[in-house]
Amino acid sequence: MKIYNTFTKTKEEFVPIEPGKVKIYVCGPTVYSFIHIGNARPIVVFDVLHRYLEYKGYEVTYATNFTDVDDKIIKRANEEGVEASVISERYIGEYLKDVEGLKTAKADCRPKVTEEIGGIIEMIKTLIEKGYAYEKNGSVYFSTTDFKPYGLLSGKKLKELEAGARVEIDEEKRNPSDFVLWKPAKPGEPKWASPWSEGRPGWHIECSVMSKKYLGDTIDIHAGGDDLIFPHHENEIAQSEAANGKKFVNYWMHNAMLTISGKKMGKSEGNFLILRDIIKDFSYDVIRFLILTVHYRSPMNFSRDLMEAAETSLTRIRTAYSNLKFRRDNAKTEELKEEEQNSLNELQKYITMFEESLDDDLNTANAVTAVFELVKFSNVSVLENSSKAQAQAFIDVFDKLADVLGIKLEETVEIGSEKIEALIAERQLARKNKDFAAADRIRNELSDMGITLNDTPEGVKWTYKEKK
RNA sequence: GGCGCCAUGGCCAAGUGGUAAGGCAAAGGUCUGCAAAACCUUCACUCCCGAGUCCGAAUCUCGGUGGCGCCUCCA
């Protein structure tokens, strides 16, 4: 499998540190509100990476954190007049609901910063001892000029950074590009005791500490949004490599931003759409599917029109799948017929196409295309007179590929199927008596419930789609 | 100001040297009581513009134009 490594700016053959095992760290959310749909992109993309590596037989350890102490959380807590932990716990809960909905709940661990303070203090101590960090008035800063490789990931040069007008001037820092590892608490802010002051950690140090604790000094893949390349990931490298004296990450993966009307969607930009709001009109599956139709390193412009198109596309896949199940359950022949053997041999072609796509830097867009090609092939191959064995073979391939992409092939029916069957039987009777007005009335009634009927020579087939 | 990325049909989107995947939308047809689904057919002599390299370029080089991102919290 080839992976584009942001550090080397090339696609590289993926070779894990330990054969058969992969350690992945993905930067998680700061929990001060609901996530927006842009946040869903890395969650979905790197979940597919996780699933695909497992599909290929790797044993994956996947860690993603919660930043549960931060200025924004404190601000929100002050606005509501509650403890910071009330805010963070609330949005961790909401985040997990979204993660569940997106079918991305496979992470092995989700550490929280507030539960890792001890480890953070230890790493800061080490950095001071090794001469990479210094204390000033209760704050501790990382000295960027003392870490020679600083800037290699982002391609920034310290000189340029200093020349930039946007670097905050801070009298305590030796260099404008130095960043905070520990800062003293202001009155009323959450705080922990440390050798330097009662305070809390800076943002960047947490990921270095948690990655080390849960995955080790050197990990295979570290991933996140491309807006984290600088300064967050650059700083993580500096901290981890300075403290551990070892290479931090072998492959850096970054997803491009989700845009809206061509502009980056961001909480600071104020042009974001909350995932929960989108889910009122579309299912989680649709946003997940839409995200997969674009390569993860290309910017993706979000719109409702795209969601609608994605929903229709997804329905095409689901319809093909449900047709297969219908054919299987109504098949007149059990055993595979001789003439069907060719189609089964050809199935492998689609699996290969699917795998080659994902092997090429996780090209989910082409993997989805492979699924569409499979849909087409299935529609022309598995017919009324097909055997149960043939239909099942196709179903197995659908299941296999959909599982990697995390696409749900069937919607859960929320209505009692006895009721549906009764109405269908009633309509069939009406049709038999040529009372088409009554038949159509029942069909409309079912349609209002989200049931679409399909009259076939083998009987009536129905599919369910949740009404929004 | 510095660094980097992108520009493919009505919409979305793969493709990074060998002659334009796929999805949505649209048009016609088959099937059907009508539908739905499915199938068949049609839908970019062309990939922002100009020049160059090459037997050959959407793909490489140079120059434009337009758009975006990072340099500050951000997925």
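Throughout, read-outs are computed from the coordinates displayed, never taken from laboratory work. Since the structure is predicted, the reported quantities are computational estimates derived from the model, not experimental observations. We place every Cβ from the backbone using ideal geometry, glycine too, and count neighbours over all the protein chains shown.
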Q. If you plug each phi of segment A:351-356 into the Karplus form 6.51 cos²θ - 1.76 cosθ + 1.60 with θ = phi - 60°, what whole-Hz ³J(HN,Hα) values come out, in order, with x for Gly and Pro?
A. 5, 4, 4, 4, 5, 5
Q. Which far-off residues, 5 or more places away or on another chain, put their amide H under 5 Å from the one on A:Gly225, with H placed in the peptide plane?
A. A:Asn255
Q.
Quick query: amide H of A:Val22 versus all other amide H atoms, modeled in the peptide plane; which residues come in under 5 Å with a sequence gap of 5 or more or a different chain?
A. A:Glu59, A:Val60, A:Thr61
**Q.** Where GluC sites (Glu not before Pro) fall in DSSP loop in segment A:379-468, at most 14 other Cβ within 10 Å
**A.** A:Glu384, A:Glu410, A:Glu414, A:Glu458, A:Glu466
Q: Using only Cα atoms, tell me the angle between helix A:203-215 and the longest principal axis of chain A; keep it within 0 to 90° and round to the nearest 10.
A: 60
(Q) Greater than 19 Å separation of Cα atoms is the criterion. Which listed pairs, A:Lys280/A:Lys465; A:Lys186/A:Lys267; A:Lys75/A:Lys267, meet it? (A) A:Lys186/A:Lys267
Q: Check the straight Cα-Cα distances from A:Lys23 and name the lysines below 18 Å, setting aside those fewer than 8 residues away within the same chain.
A: A:Lys2, A:Lys56, A:Lys106, A:Lys212, A:Lys213, A:Lys246, A:Lys247
Q: At 10 °C and 1.306 mPa s, grab the translational diffusion coefficient of segment A:1-150 from Stokes-Einstein with a Kirkwood Rh over Cα pairs, rounded to a whole number in µm² per second.
A: 87
Q: Taking H placed 1.01 Å from N in the peptide plane, check which residues at least 5 places from A:Tyr296 or on another chain put their amide H under 5 Å from its amide H.
A: A:Thr364
Q: Pop out the ³J(HN,Hα) list for segment A:424-440 in order, Karplus 6.51 cos²θ - 1.76 cosθ + 1.60 with θ = phi - 60°, rounded to Hz; leave Gly and Pro as x.
A: 5, 4, 4, 5, 4, 5, 4, 5, 4, 8, 6, 8, 5, 4, 5, 4, 5
**Q.** Cα-based convex hull volume of chain A per residue, rounded to whole Å³
**A.** 165
Q: Enumerate by residue number the GluC sites (Glu not before Pro) in segment A:268-312 meeting two conditions: DSSP loop (anything except H, G, I, E, B), and at most 14 other Cβ atoms within 10 Å of the site's Cβ.
A: A:Glu269
Q: Output ³J(HN,Hα) for segment A:321-327: one whole-Hz value per residue in order, computed from phi by the Karplus curve 6.51 cos²θ - 1.76 cosθ + 1.60 with θ = phi - 60°, and x for Gly and Pro.
A: 5, 5, 4, 4, 5, 5, 5
Q. Trypsin sites (Lys or Arg not before Pro), restricted to segment A:276-355: which are DSSP loop and have at most 14 other Cβ atoms within 10 Å?
A. A:Lys280, A:Lys332, A:Lys337
Q: Identify all aspartates and glutamates with a Cα-Cα distance to A:Lys419 below 13 Å; exclude those on the same chain that are fewer than 8 residues away in sequence.
A: A:Glu445
